[in-house]
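The values are calculated or read from the model by the stated rules, or taken from the named source; none is laboratory data. From a predicted model like this one, the values you see are computed outputs, not experimental measurements. Note: ideal-geometry Cβ built from the backbone for every residue, glycine included; neighbour counts use all protein chains shown.
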Amino acid sequence: MRKKYLVTGFCILFIMNVYGQEYLFPVKRNDKWGYINSMGKIVINFEFDESYEFSEGLAVIKANNKYGFINKKGKMIIAPQFDFINSFSEGLAAVKLDNKWGFIDKHGKIKIPLKLDECSDFHNSLAKVKYKGYWNYITNDGKFLLKEKYDFVGAFSEGLASVCQNNLYGYINRKGNLMIPLLYEYAATFSEGLASVRQNNLYGYININGKVVIPPNYQEAENFQNGIAIVKLDTSWVSKVRHLMIDSLGNVLKEFDYESVYTSRWLGNKTVFIVTKHNKKGVINRKGESLIEMVYDAINVSEDSDLVLVRKNEKFGFVNKKGGVVIEPKFEFCRNFKNGLAAIYENWLPFDIFNIGSVVKKGYINKKGTIIWVPTN
């Protein structure tokens, strides 16, 4: 009998845990926002002026012209009181009031005073902030990392971050020490031990010690992914070859004659390339073999989905990774799949980045193309 109770208790806990992790999607009806689940069932009623995706169990909502947070039951956790707020990241959320930014915890308590001009979310215990006209990093207990004044600070990657002072870039470590001097016109984030930097309008690569590994000979240079990077040559006037695939030593692995080549990743961390010729886009693999035919006006590959977003004849749809059409391009606009659904739009306004315009209608489809929520406003 005790065993039966234990099993039953475990099942209840499992169901509660799954329910707690259920992803909710913001939807709009009659100018009010609420939330549905992946089956299209209304979970949180339509009572907000704006609503956004959940992060760390809470979602940003707007009511009475102020922003606050709700939980997945629709309960108000932090009352609307701020002029703007970001989603929670690492237990803290950036909030704006009277044109100054600070950070609160999940109880609504101010952890970092509202004195910042601009700020980003926390990542690995640091957030980029602008204070008194200069960029810095702040710790989760409100301490500034840098003593120097920088015009720009980048995201940390592999222990280093790019910084800019007087239009010259270099790199600091997480203690704020300058590890690579301010020598460059531009400096990208490190990836796989290398970072692209620009000198005399040409790009090359340095390692984490600041040593030049691949000399600056390129018009453009992407970050390394899975041991390779795409670089662009200024040879279009003498050769069809415009882009090269190189390894971490600068050896040329493959030449391309496409108008553009961009590295991307799709599900499974597999490296692919979005290529353009005669203004049409497709996808190829590392061997140069075609995966998705070059017949599309736009392609967007996601690491989180096994379907690829495409645009053809001004309509959006989805193909699989072999190029087979799964959902015919018929939507005015849509986004990549996330947690099983993709957002679709009618009366789409490209400049309305928050998708909150009163004219825009937003809905959702599943991976079969079935409309789960008819676009409404």
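Checking Lys106 against (1) crowded, with 16+ Cβ neighbours inside 10 Å; (2) in a strand (DSSP E or B): exactly one of these is not met. Which one?
(2)
Inside region 69-91, can you point out the residues that are among the charged types (D, E, K, R) and in contact with a His (Cβ under 8 Å, 6 or more places away or on another chain)? Lay out the reasoning, then the answer.
At the first step, the residues of region 69-91 found to be among the charged types (D, E, K, R) are 72-73, 75, 83, 90.
Across region 69-91, the qualifying residue is only Glu90.
Can you tell me which condition Ala155 does not meet? The list is (1) outside the structural domain of Ala195 (by TED's automatic domain parsing); (2) assigned to a loop (DSSP other than H, G, I, E, B), and all the others hold.
Here Ala155 meets the rest and fails (1).
Picking from Val213, Val241, Val231, Val252, which residue would you name as being within 30 Å of Leu182 (Cβ to Cβ), of a type in the set (A, V, I, L, M, F, W, C) and surrounded by fewer than 16 Cβ atoms within 10 Å (Cβ to Cβ)? Before you say what the answer is, go through the steps one by one.
Values: Val241 fails: within 30 Å of Leu182 (Cβ to Cβ); Val231 fails: surrounded by fewer than 16 Cβ atoms within 10 Å (Cβ to Cβ); Val252 fails: within 30 Å of Leu182 (Cβ to Cβ).
Selected residue: Val213, the only one of Val213, Val241, Val231, Val252 that is within 30 Å of Leu182 (Cβ to Cβ), of a type in the set (A, V, I, L, M, F, W, C) and surrounded by fewer than 16 Cβ atoms within 10 Å (Cβ to Cβ).
If you go through region 98-120, how many residues are in contact with a strand residue (DSSP E or B) (Cβ under 7 Å, 6 or more places away or on another chain) and closer than 15 Å to Tyr131 by Cα?
13
Enumerate the pairs (first residue in region 322-334 and assigned by TED's automatic domain parsing to the domain that holds Ile371; second residue anywhere and surrounded by fewer than 13 Cβ atoms within 10 Å (Cβ to Cβ) and part of a loop (DSSP other than H, G, I, E, B)) with beta-carbon separation below 7 Å, excluding pairs fewer than 6 apart on the same chain, so at least 6 apart or on different chains.
If the second residue must be surrounded by fewer than 13 Cβ atoms within 10 Å (Cβ to Cβ) and part of a loop (DSSP other than H, G, I, E, B), the pairs left are Pro329/Asn313.
Do you know which residues across region 253-270 are closer than 15 Å to Val231 by Cα and either part of a loop (DSSP other than H, G, I, E, B) or among the hydroxyl-bearing types (Ser, Thr, Tyr) (or both)? I'd like the intermediate steps shown before the answer.
Narrowing region 253-270 to residues closer than 15 Å to Val231 by Cα: 253-264.
Those that are closer than 15 Å to Val231 by Cα and either part of a loop (DSSP other than H, G, I, E, B) or among the hydroxyl-bearing types (Ser, Thr, Tyr) (or both): Asp257, Tyr258, Glu259, Ser260, Tyr262, Thr263, Ser264.
Could you please find all residues in region 277-298 being surrounded by fewer than 17 Cβ atoms within 10 Å (Cβ to Cβ) and assigned to a strand (DSSP E or B)?
Residues of region 277-298 surrounded by fewer than 17 Cβ atoms within 10 Å (Cβ to Cβ): 277-280, 285-290, 293, 295, 297-298.
Once the filter is applied, which keeps residues that are surrounded by fewer than 17 Cβ atoms within 10 Å (Cβ to Cβ) and assigned to a strand (DSSP E or B), region 277-298 yields Lys277, Lys280, Ser290, Glu293, Val295, Ala298.
Hey, can you tell me all the residues within region 170-210 that are touching a Phe, Trp or Tyr at 6+ places or on another chain (Cβ under 6 Å) and farther than 21 Å from Gly250 by Cβ?
Met179
Would you confirm whether or not region 44-63 contains a residue that is over 29 Å from Asp98 (Cβ atoms) and touching a Lys or Arg at 6+ places or on another chain (Cβ under 7 Å)?
The initial filter retains those residues of region 44-63 that are over 29 Å from Asp98 (Cβ atoms), namely 44-46.
Those left that are additionally touching a Lys or Arg at 6+ places or on another chain (Cβ under 7 Å): 46.
Looking for residues that are over 29 Å from Asp98 (Cβ atoms) and touching a Lys or Arg at 6+ places or on another chain (Cβ under 7 Å), one finds at least one in region 44-63, hence yes.
Have a look at Ser264, Ser305, Ser260 and point out the one that is surrounded by 15 or more Cβ atoms within 10 Å (Cβ to Cβ), among the hydroxyl-bearing types (Ser, Thr, Tyr) and within 24 Å of Pro26 (Cα to Cα). Break it down stepwise before answering.
Numbers: Ser264 fails: within 24 Å of Pro26 (Cα to Cα); Ser260 fails: within 24 Å of Pro26 (Cα to Cα).
The match here is Ser305.
Looking at region 116-152 only, could you name the residues that are part of a strand (DSSP E or B), within 22 Å of Lys96 (Cα to Cα), within 25 Å of the chain's Cα centre (by Cα) and of a type outside the set (A, V, I, L, M)?
The initial filter retains those residues of region 116-152 that are part of a strand (DSSP E or B), namely 116, 118-119, 123, 126-131, 134-139, 144, 150, 152.
Subsequent filtering for residues that are within 22 Å of Lys96 (Cα to Cα) retains 116, 118-119, 123, 126-131, 134-139, 144, 152.
Then keep just the ones that are within 25 Å of the chain's Cα centre (by Cα); that gives 116, 118-119, 123, 126-131, 134-139, 152.
Across region 116-152, the qualifying residues are Glu118, Cys119, His123, Lys128, Lys130, Tyr131, Tyr134, Trp135, Asn136, Tyr137, Thr139, Phe152.
Just one of Gly193, Gly204, Gly176 is more than 30 Å from Val272 (Cβ to Cβ) and either within 24 Å of the chain's Cα centre (by Cα) or surrounded by 15 or more Cβ atoms within 10 Å (Cβ to Cβ) (or both); which is it?
From the options Gly193, Gly204, Gly176, the qualifying one is Gly176.
Can you name the number of the only condition in (1) within 23 Å of the chain's Cα centre (by Cα); (2) more than 18 Å from Ser260 (Cα to Cα) that Val283 fails?
Here Val283 meets the rest and fails (2).
Considering (1) assigned to a strand (DSSP E or B); (2) more than 20 Å from the chain's Cα centre (by Cα); (3) under 30 Å from Thr376 (Cα atoms), say which one Glu53 fails and leave the rest.
Failing condition for Glu53: (2).
Over 30 Å from Leu168 (Cα atoms), assigned by TED's automatic domain parsing to the domain that holds Pro329 and β-branched (Val, Ile, Thr): is that true of Ile299 in this structure? Before you say what the answer is, go through the steps one by one.
Working: over 30 Å from Leu168 (Cα atoms): yes; assigned by TED's automatic domain parsing to the domain that holds Pro329: yes; β-branched (Val, Ile, Thr): yes.
Criteria met by Ile299.
Which of (1) on the phi > 0 side of the Ramachandran plot; (2) surrounded by 19 or more Cβ atoms within 10 Å (Cβ to Cβ) is the odd one out, the single condition Phe122 does not satisfy?
It is condition (1) that Phe122 fails.
Identify the single condition in (1) free of Cβ contacts under 8 Å to residues at least 40 places away in the same chain; (2) of a type outside the set (Asp, Glu); (3) under 26 Å from Thr139 (Cα atoms) that Gly193 does not satisfy, given that it satisfies every other one.
Only one criterion is unmet by Gly193, namely (1).
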